[in-house]
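The values are calculated or read from the model by the stated rules, or taken from the named source; none is laboratory data. Fair warning: this is a prediction, and the values are worked out from it, not measured in the lab. Don't worry about glycine lacking a Cβ; one is built from the backbone with ideal geometry, like all the others, and counts go over all protein chains shown.
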Amino acid sequence: MSLGDLARYLMVSRQNLSGLISRMERDGHLAVMPDDRDRRSRLVTISASGRQVWEHHAQPKIRAYYESLLGEFSVSDMTHTLHYLLKMLDGMERTDAAQLGNGAPADGEAP
């Protein structure tokens, strides 16, 4: 995945992501290389060591965290929560786009 695509996917700036990518590359968890199609772009690939850390260390901690957080939520509670979080995300994206001049606020919305 390109560094720019990864930054957009994670909703962070490339600058904020670059330090983390550098440390993960230094530790052998990622490989960063030029894109053959666009030499200005860099591609980020997870290494075997990175996949091991993700599957055996990170994912179990993430699952345990969300299970403790959402343990008393019903399926309906989780569905509603997700719905409202996605609505908030959509509102944030519209606001960011309007502030960056990439789109005008919808009728009735504040700039």
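Quick notes on this one:
- Looking only at residues of the stretch 22-57 that are hydroxyl-bearing (Ser, Thr, Tyr) and closer than 12 Å to LEU3 by Cα, we find that the one that is surrounded by the fewest Cβ atoms within 10 Å (Cβ to Cβ) is THR45.
- Flag: MET78 does not match the condition of being part of a strand (DSSP E or B) and at negative phi.
- Residue within the stretch 86-108 that is of a type in the set (Lys, Arg), surrounded by 11 or more Cβ atoms within 10 Å (Cβ to Cβ), modelled with pLDDT of 90 or more and part of a helix (DSSP H, G or I) present: yes
- Summed over the stretch 1-59, the residues that are of a type in the set (S, T, N, Q) and touching a Gly at 6+ places or on another chain (Cβ under 9 Å) give a count of 3.
- Single residue of the stretch 45-70 satisfying the filter (among the aliphatic types (A, V, I, L, M) and modelled with pLDDT under 95) that is farthest from LEU82 (Cα to Cα): LEU69
- Among the residues of the stretch 58-75, the one identified as part of a loop (DSSP other than H, G, I, E, B) and surrounded by 10 or more Cβ atoms within 10 Å (Cβ to Cβ) is PHE73.
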